[in-house]
Amino acid sequence: MNRKERLTVERIATADTQASATPQGGPLADESGSFAPLDSGLLDAMPRQREVLDGAGELRSATPTPAAVSVSASTPAVPGESRVLLALRGLHPWRLLPTPTGTPFTFCYGLLLVVTSLVAQYADPTFVNQLHQASSTDVTHLLRDPFLVLVASALWIVGGMVSPYAFLFLLVLTALERRIGGVRAAGVFLFGHIVATLATEGTVGIAVLVGHLPDSSLHRLDYGISFGVATSIGALAGLLRPWLGLPLITLFGWSLVTDLIAFTDPMTNWGHLISLTIGVATWPLIRRWARAARVNRAVGVAGAARVEVAGV
């Protein structure tokens with residue numbers, strides 16, 4: 001081999017060595033001898049990625065870039081919280097009280113009871129007694145004008161705003177209205193108030209007719225919201241979880257039985273027990289109402305979400 005052939009072989013060997021040392025997709029030398037990066041869209045030190053055509057007809061890499069890789073797989077899971085902590089976190093104490101938008105019936109009715117309680121406390125006693133007499137659901141008034149006195153008698157609280165029934169009214173009617181709606185909660189309250197009143201006063205009228213009670217019992221003063229509240233308690237117990245509903249109805253029923261045993265006001269005590277029984281008897285109906293209300297709320301939330309997404 002002469003000198004010219006030996007130089008040619010050395011040049012070929014040198015070119016092969018440089019080509020093998022240069023990674024695919026790496027920089028290439030231009031005519032001036034400087035190296036310019038090759039815009040191939042490939043990652044250094046990685047095998048060539050497959051390419052696909054996108055909608056615009058351009059080549060796109062089928063392998064996801066590091067920025068598109070989810071970090072959820074490498075993020076350690078947060079230890080789960082206990083059910084008790086989750087339940088406590090889900091509590092909203094302000095939902096125990098009525099609001100103008102959330103529970104309009106209980107809120108407006110409660111304001112009306114506050115007004116009548118203030119009148120009963122600060123107005124002239126003679127005037128207040130006349131109002132109570134006109135609102136009484138005694139037998140005489142029920143025979144003369146039943147609709148007026150059945151409504152008017154439910155505008156007063158015996159004992160005013162410091163009465164236990166005022167406190168129960170706010171809590172029970174608020175919880176019941178949030179579950180079945182304002183119109184239905186009002187229907188349960190008024191149904192118990194009317195039926196228990198007619199049952200007790202009707203018994204008084206029959207007792208007077210057969211001579212077991214004097215004629216003065218026909219004018220016995222009878223007003224207040226306690227029958228409606230007792231019915232609402234019985235109805236609400238059927239919508240609560242057993243660990244809460246059963247103790248509620250048991251404690252309240254036991255207090256009514258002890259009052260009846262004391263025999264201080266048997267007609268009213270029997271009316272409270274009748275009202276509680278009416279509330280329990282409405283369980284199948286109010287449970288169906290509660291399920292319907294939950295479905296309506298779910299549909300409303302889903303519809304609002306769709307409208308929001310469409311707006312975006």
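The values are calculated or read from the model by the stated rules, or taken from the named source; none is laboratory data. Every value quoted in this text rests on a predicted model; they were computed, and no experiment measured them. All accessible areas refer to the heavy atoms of the entire protein, side chains included, with ligands and DNA or RNA removed. Shrake-Rupley method; radii C 1.70, N 1.55, O 1.52, S 1.80 Å.
3J(HN,Hα) along segment 144-152: 7, 8, x, 4, 4, 6, 5, 7, 5 Hz, from the Karplus curve 6.51 cos²θ - 1.76 cosθ + 1.60 with θ = phi - 60°, whole Hz, x for Gly and Pro. Probing with 1.4 Å while keeping every protein chain in the model, the per residue accessible area of segment 160-258 equals 47 Å². Share of carbon and sulfur in the accessible area of segment 182-285 stands at 74%, probe radius 1.4 Å. Overall shape: oblate for segment 179-270, with the ratio a/c of the largest to smallest alpha carbon gyration tensor axis at 1.5 or above and b/c at least equal to a/b.
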